[in-house]
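Please read the structure below before turning to the comments.
Just so you know, all these numbers are worked out from the coordinates, no wet-lab data involved. Just so you know, these numbers come straight off a predicted model, no measurement behind them. Every residue, glycine among them, receives a Cβ derived from its backbone with ideal geometry; neighbour counts consider all protein chains shown.
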Amino acid sequence: MNVIRACKEWGVHKLVMSSSPSTRFKGSLFHRPCVDGLTEDEMPRLPLDAYMQMYAETKAKAEMAVTAACCDDLLVVSVAPHQVYGPRDNLFLPNMLEAAGTGKLRIFGSGKNRICFTHVDNYAHGLIIAERQLFEGSPVLGKFYIVTDGNTHPEPDAYCVFWKELDKAVVAMGFQSIEEKAHYNFWFLYVVALIAEALGWTLGRVFKLNVFNVFVLTMHRWFRITAAEQELKYQPIIPFVEGWADTILWFKLHWLPTFEQWDRSWFGLARRSQQKIDIQAKKTT
C-alpha cells in the first residue's frame with residue numbers, strides 16, 4: 001500500500017508488480033496442488049481459500065491491492081517468474097547444494113516432477129518489456145503474466161525434469177549423484193514434515209523440512225506462457241541450457257571454494273542454511 005500511495009503522491013504513472021505463480025497454488029497442509037502445463041487462465045483466481053505458505057498469501061494480497069489501484073493515472077501489470085536461478089543466487093541453489101554436500105539430499109518422491117525455471121536475466125527482461133506495454137487502453141492492464149525460460153527448456157513440451165537438472169549441478173560440484181541414492185518416499189516425507197511442523201510450533205523453531213517444501217519438491221510446476229509471449233511480446237533472452245550451465249560454472253568457481261563439507265549445525269544442516277532459517281523465523285515472531 002505504501003508503494004501505491006507513493007506512486008500517486010509523486011505522479012508515477014506506471015507500476016509493474018513482481019508477483020509469483022505460487023499465488024495461484026491452491027493448497028494446504030492436506031492438499032498438494034498440481035500445476036501441469038497450465039496457463040494463467042486455467043489457474044485459480046485470486047483470492048484463494050487457502051495458500052500453500054505465508055509468502056504466497058502476502059504476494060497475493062499485494063497483487064490484489066495493486067490490481068485494484070489500476071486506473072488511468074496508474075497503469076498496472078503483474079509479472080511472475082518461477083523458480084528464479086542464476087549466478088549469485090543465495091537461496092534456491094545454495095540450499096540444495098549445501099544439502100547435497102553434507103550428504104543429506106535425496107530425491108523426493110518419484111523424481112519425475114516437471115518444472116519451469118526462470119533465469120534472473122529473463123526475469124528482469126520480463127519486467128522491462130511489461131512496462132513497455134503499459135499505455136492507455138492496453139490489453140495487459142491489471143493482468144497477471146507468468147514468465148519463464150519458455151520453449152528453451154530441454155523437454156519438447158517446454159519444461160525440465162526438476163531432479164534431473166538439479167543432479168547436474170550436484171555432480172558438477174564433485175558431490176555424489178543423487179540419482180545414485182535411494183529416493184525418499186513421498187508419504188514418508190509428508191508424515192515427517194507434519195511432525196516437524198508440530199514440533200516447530202511447540203518449540204518455536206523453524207525446520208527446513210516442512211509440508212510446503214515436500215509439496216513443491218514433488219509436484220509438477222510448469223506453465224504455458226502463451227499469454228506473455230503474445231500480449232507482452234515476451235521471449236527469453238537467455239536459453240535455459242546456456243543459463244543453467246553458466247550458473248553451475250559460477251557456483252563451481254565461487255561458491256564451492258567457500259563450502260565446508262563438515263560445517264554442519266546440530267540438525268545436520270550446513271550452518272549457513274540454518275542461519276538463514278533462524279533469521280526467517282525471527283522475522284515471523
Sort Glu63, Glu231, Glu180 so that the residue with the fewest other Cβ atoms within 10 Å of its own Cβ comes first and the one with the most comes last.
Glu180, Glu231, Glu63
What is the order of Arg114, Arg132, Arg221, fewest Cβ neighbours within 10 Å to most?
Arg132, Arg114, Arg221
Suppose every K and R has +1 on its Cβ and every D and E has -1 on its Cβ; what is the size of the dipole of the chain about the Cα centre, in Debye to the nearest 20?
920 debye
For the chain, find the longest principal axis of its Cα atoms and tell me its angle to the long axis of helix 186-203, 0 to 90°, nearest 10.
80 degrees
Against the longest principal axis of the chain, how steep is helix 54-68, in degrees 0 to 90 to the nearest 10, with axes from Cα atoms?
10 degrees
Any idea what the relative contact order of the chain is, in percent, if you count C-alpha pairs under 8 Å spaced at least 6 apart?
25 percent
Give me log10 I(q)/I(0) at q = 0.11, 0.15, 0.17, 0.19 Å⁻¹ for segment 109-259, Debye formula, one equal scatterer per alpha-carbon, no solvent.
-0.60, -0.96, -1.08, -1.16
Taking K and R as +1 and D and E as -1, what net charge do the other residues with C-beta under 15 Å from the C-beta of Ala56 add up to?
+4
Calculated from DSSP H runs of 4 or more alone, at -39500 (n - 2.57) each and per residue, what is the 222 nm mean residue ellipticity of the chain, nearest 500?
-12000 deg cm²/dmol
What do you get for the angle between helix 120-132 and the principal long axis of the chain? Use alpha-carbon atoms, 0 to 90 degrees, nearest ten.
10 degrees
Once you've got the GNM for the chain with C-alpha springs shorter than 10 Å, pick whichever of Asp72, Asp89, Asp36 has the biggest mean-square fluctuation.
Asp72
In the list (i) 21.5, 75; (ii) 18.6, 54; (iii) 19.7, 58, the entry giving Rg and Dmax of the Cα atoms in Å computed from the coordinates is (iii)
What ranking of Trp250, Trp255 emerges when the number of other C-beta atoms within 10 Å of each C-beta is taken as an exposure proxy, fewest first?
Trp250, Trp255
In a GNM of the chain with a 10 Å cut-off on Cα contacts, which of Tyr55, Tyr123, Tyr190 has the highest mean-square fluctuation?
Tyr55
